[in-house]
1. When you scan region 28-38, do you find a residue that is in a helix (DSSP H, G or I) and loosely packed, with under 10 Cβ neighbours inside 10 Å, even just one?
2. Give me the pairs, please: first residue somewhere in region 55-70 and exposed (fewer than 10 other Cβ atoms within 10 Å of the Cβ), second residue anywhere and modelled with pLDDT of 95 or more and part of a helix (DSSP H, G or I), beta-carbon distance under 9 Å, and either six or more positions apart or on two chains.
3. Among the residues of region 41-58, is there at least one that is in a helix (DSSP H, G or I), under 27 Å from the mean Cα position of the chain (by Cα) and at pLDDT 95 or above?
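The values are calculated or read from the model by the stated rules, or taken from the named source; none is laboratory data. The structure displayed is predicted, hence computed values, not measured ones. Cβ placement follows ideal geometry from the backbone for every residue including glycine, while neighbour counts extend to all protein chains displayed.
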């Protein structure tokens, strides 16, 4: 293989001419293409960033709404608990009133029964007293005398 300097010079000139022609013909369109592509990619990145910011904003809004809904739920639960407690207190108060009324009625019935039993006992004691007194006196005591004597006897008992 032999090296000829003229051939080497021709190769160098060919490469230089080819470089200049390619640069003049292809450089500007390729540079415009690459610039447009870089601009499109930049626009897409900017749009993606905008969409990301919008998504984050929407996410924050939904979180705020969710937090508000949770707080409203808690408030509703607290209000319902308060209402239930008040209702329970009202039911308890009503039950106390009713039980007091029933207790008062029972006391009244007991008092009336006691009075009736006392009257019955007075009558029976009077009958027994009359029987005993008539046996002792061997005579009949009138009912009016009997009632007067028993009433006096029980008045004396009550005052003691």
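1. Applying the first criterion (in a helix (DSSP H, G or I)) to region 28-38 yields 28-38.
Retained after the next criterion (residues that are loosely packed, with under 10 Cβ neighbours inside 10 Å): 29.
Yes.
2. Every condition considered, no pair remains.
3. Looking only at region 41-58, we keep the residues that are in a helix (DSSP H, G or I), and these are 41-58.
Now drop any that are not under 27 Å from the mean Cα position of the chain (by Cα), which leaves none.
No, region 41-58 has no match at all.
Matching residues to (1) in a helix (DSSP H, G or I); (2) modelled with pLDDT under 75; (3) touching a strand residue (DSSP E or B) at 6+ places or on another chain (Cβ under 6 Å); (4) surrounded by 10 or more Cβ atoms within 10 Å (Cβ to Cβ):
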position: 90; (1), (2), (3), (4): yes, no, no, yes
position: 107; (1), (2), (3), (4): yes, no, no, yes
position: 114; (1), (2), (3), (4): yes, no, no, yes
position: 124; (1), (2), (3), (4): yes, no, no, yes
position: 133; (1), (2), (3), (4): yes, yes, no, yes
position: 139; (1), (2), (3), (4): no, yes, no, no
position: 150; (1), (2), (3), (4): yes, no, no, yes
